[in-house]
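To keep things clear, I will list the structure first and then write my remarks on it.
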Amino acid sequence: MTTAGRVIKCKAAVAWEYGKPLVTEEIEVAPPEADEVRIKIVATAVCHTDLYHLFEGMETELFPTILGHEAAGIVESVGSGVTEFHPGDKVIPLFINQCRECRFCKSPKTNLCDKGENGGHDELAFEKSRVTCKGKKLMPFMGIGSFSEYILMNQTAVAKIDPAAPLDKVCLIGCAISTGFGAAVNTAKVEAGSTCAVFGLGAVGLAAVMGCKFAGAERIIAVDTNPKKAEKAKVFGATDFVNPKDQKKPISEVLAEMTNGGVDYSIECVGNVEVMRSALESCIAAWGVSVIVGWTDREDFAARPIQLIAGRTWKGSLFGGFKGKDGVSEMVRAYLQKKIKVDEFITHTKTLPQINEAIELMKSGQSIRIVLNVSSE
């Protein structure tokens, strides 16, 4: 029996309260309306941003919610006005829209879209949500909510990908890999022969290391307080590993001594304002470029004006500067052509009911990326 045009009852991991374990529940997902696509999620990964909202973000009123935003799936049905997608298409949902019509989308200078982050992440998202459980509306996190067997998306926030792509691998391109890789290639614009430092070796940081290598950097210094990350960083192209806890001097001074005055490019992938400043100060004064990638909105960051006046540039990067639809499709092609690594990021695989085990693995630093196999292709 076709499910098109009908409410779908399916399983999802629901975060009912801030800071509490997720609960596997039966939810109801409405059929797509105009310009919407309903997607069967095949695989989704656990990202630290999900954990940030659950344990650190302090937005306690934005619950109950369905977390998850790094995913891949298959179009189940489409609403009126949708011509780009058809049932059976392999897709990756996006947390950055690309309408291709607004002034941002038409500009090569940004990957933002006038439609904003998909679906929003506020009380209005609750009002618009057509995903429910036990009579209560659930907010799809970052407009996606992929810890679910089915999701609803606006067509401007979905990327069609190569049908040959393995969904349980390329789901990582929906966030971590594109974010880190693009921060190096698109935002920092790392040059061949340069020296780089990457702070934080989670999936985003390792992707940034990979991006530096892809761009032709001669020396890539990986920085992390977890010594177990050293060997993993080398897999993606790091030439050196430095643990700040092992140093008697500030890490910026250590890197300056290692590189005759500072690195050409530094990329911060932690989300810690002190690390952001250290990354900036690790750059060479005259032309160094430092990129902030790590997500936080709880604290202000600061630097002395002379650190910029002397010639450094401080930049931010959202989703690696990739325009959503175009960038994700391009990255999937690059993976299929063996130009970038994806499989090497995956350290664990779980099922949706094992979501709390996956969260604990990530919290304890034992994983890089955990993929949840949600449905079969």
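What ranking do 61-74, 270-283, 253-266, 298-311 get when scored by the average of other Cβ atoms within 10 Å per residue, highest first? All intermediate terms of the calculation are to be shown ahead of the outcome.
On the way: 61-74: 24.4, 270-283: 22.6, 253-266: 20.5, 298-311: 11.2.
Peptide ranking by packing, descending: 61-74, 270-283, 253-266, 298-311.
Run through the DSSP bridge list for the chain and note the antiparallel percent, rounded to the nearest 5.
Values: 35 of 63 bridges.
Once the DSSP bridges in the chain are tallied, antiparallel ones form about 55 percent.
At 7 Å along Cα-to-Cβ for each site, give me the label-to-label distance between residue 310 and residue 349 in nm.
5.0 nm
Give the calculated FRET efficiency between residue 337 and residue 102 to the nearest 0.05, with a Förster radius of 30 Å applied to their Cβ-Cβ distance.
Numbers: r = 31 Å, r/R0 = 1.03.
Between residue 337 and residue 102 the formula returns 0.45.
Tell me the net charge near residue 48. Cut-off is 12 Å between Cβ atoms, residue 48 excluded, with +1 for each Lys or Arg and -1 for each Asp or Glu.
Values: positive: 363, 369; negative: 50, 56, 70.
Neighbourhood net charge equals -1.
Would you list the P(r) distribution for region 180-318, with all Cα-Cα distances sorted into 10 Å bins from 0 and each bin expressed as a whole %?
It works out to 14, 50, 33, 3, in whole percents.
Any idea what the relative contact order of region 207-289 is, in percent, if you count C-alpha pairs under 8 Å spaced at least 6 apart?
On the way: 104 pairs, mean separation 19.2, N = 83.
Relative contact order for region 207-289 comes out at 23 percent.
Seen from all sides and averaged, what is the projected area of the convex hull of the Cα atoms in the chain, in nm²? Mind showing how you got there, number by number?
Values: hull surface 71.9 nm².
Mean projected area of the Cα convex hull: 18.0 nm².
Give 189/245; 20/160; 90/137; 11/169 a once-over and call out the pairs whose C-alpha atoms are over 32 Å from each other. Please report the intermediate quantities before stating the final value.
Values: 189/245 29 Å; 20/160 34 Å; 90/137 27 Å; 11/169 22 Å.
Where the Cα-Cα span goes over 32 Å, the pairs concerned are 20/160.
Under a point spin-label approximation (7 Å from Cα along Cα-to-Cβ), what is the residue 226-residue 20 distance to one decimal in nm?
The modelled label-to-label distance comes out at 2.8 nm.
How far is the Cα center of region 59-115 from the Cα center of region 295-313, in Å?
32 Å
Of the listed peptides 103-110, 50-57, what is their order by residue-averaged count of other C-beta atoms within 10 Å, with the highest listed first? Mind dumping the intermediate values first?
Values: 103-110: 11.8, 50-57: 18.2.
The peptides rank, most packed first, as 50-57, 103-110.
So what is the relative contact order of the chain, in percent, for Cα pairs below 8 Å that sit 6 or more residues apart? Walk me through the numbers on the way to the answer.
Numbers: 936 pairs, mean separation 68.3, N = 377.
Averaging sequence separation for qualifying contacts and normalising by length gives 18 percent for the chain.
Arrange the following residues from fewest to most other Cβ atoms within 10 Å of their Cβ: 102, 113. Please list the in-between numbers first.
Working: 102 15, 113 23.
Ranking 102, 113 by Cβ neighbours within 10 Å, fewest first, gives 102, 113.
If I stretch the segment between residue 128 and residue 84 completely, what's the gain in nm (0.36 nm per residue apart, minus their alpha carbon distance), one decimal?
Values: separation 44, 0.36 × 44 = 15.84 nm, distance 2.32 nm.
Full extension from residue 128 to residue 84 adds 13.5 nm.
Hey, in the GNM for the chain with a 10 angstrom Cα cutoff, which one of 349, 83, 156 fluctuates hardest?
83
Out of every Cα pair in region 1-136, what percent are spaced more than 25 Å from each other? Spell out each step's value before the answer.
Values: 2895 of 9180 pairs.
Here the long-distance tail beyond 25 Å is 32 percent of all Cα pairs in region 1-136.
Starting from the Cα coordinates of region 77-210, work out the convex hull volume and express it per residue in Å³.
On the way: hull volume 21.0 nm³, N = 134.
Measuring per residue, one finds 157 Å³ for the Cα hull of region 77-210.
Only the coordinates and a few stated rules stand behind these numbers; no lab work does. Note that the structure is predicted; figures quoted are calculated from it, not measured. No Cβ is skipped: glycine too gets one built from the backbone with ideal geometry, and neighbour counts run over all protein chains shown.
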